[in-house]
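To keep things clear, I will list the structure first and then write my remarks on it.
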Amino acid sequence: MSNETHASSVFKIENCLAKIHGAGDLVDCLAPEQAHICGNSLSFGYVYFCEHPQRLEFVEKMKIQALLKKSESDNQE
């Protein structure tokens, strides 16, 4: 099995999460287990930047998950 075939069988876009990096246009990949096999990630030191066309959708998904987690913790108090 080639690396490309193996990577596509492991990579799952539904696991992608990201956040805006600072005030610029850079987006941090928050799925490090996928970043090293994603063809749209850019490694920079210990950080992976997301270059995926849907990266802003991944940012929104992360925001929604954070709000849900906060809501759940507020309801448990």
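The condition (being of a type in the set (Gly, Ala, Ser) and farther than 12 Å from Cys16 by Cβ) is satisfied by just one residue among Ala31, Ala35, Ala66: Ala66.
Any residue in the range 63-70 that is at negative phi, part of a strand (DSSP E or B) and among the hydrophobic types (A, V, I, L, M, F, W, C)? Talk me through it step by step, then tell me what you get.
Of the residues in the range 63-70, the ones at negative phi are 63-70.
Add one more test, that the residue is part of a strand (DSSP E or B), and what stays is none.
There is no residue in the range 63-70 that is at negative phi, part of a strand (DSSP E or B) and among the hydrophobic types (A, V, I, L, M, F, W, C).
Selection of the range 43-53 for residues being surrounded by 14 or more Cβ atoms within 10 Å (Cβ to Cβ) and in a loop (DSSP other than H, G, I, E, B) yields Glu51, His52. Those residues that are in contact (Cβ under 8 Å) with a residue 12 or more places away in the chain and of a type in the set (D, E, K, R), I need them from the range 52-77; list them, please. Those that are in contact (Cβ under 8 Å) with a residue 12 or more places away in the chain and of a type in the set (D, E, K, R): Arg55, Lys61. Look at Ala18 and say whether it is at pLDDT below 90 and either surrounded by 12 or more Cβ atoms within 10 Å (Cβ to Cβ) or within 10 Å of the chain's Cα centre (by Cα) (or both). Answer is no for this residue.
The values are calculated or read from the model by the stated rules, or taken from the named source; none is laboratory data. None of the values given here were measured: they were computed from a predicted structure. Reconstructed Cβ throughout: ideal geometry from the backbone, glycine too, with neighbour counts over all protein chains shown.
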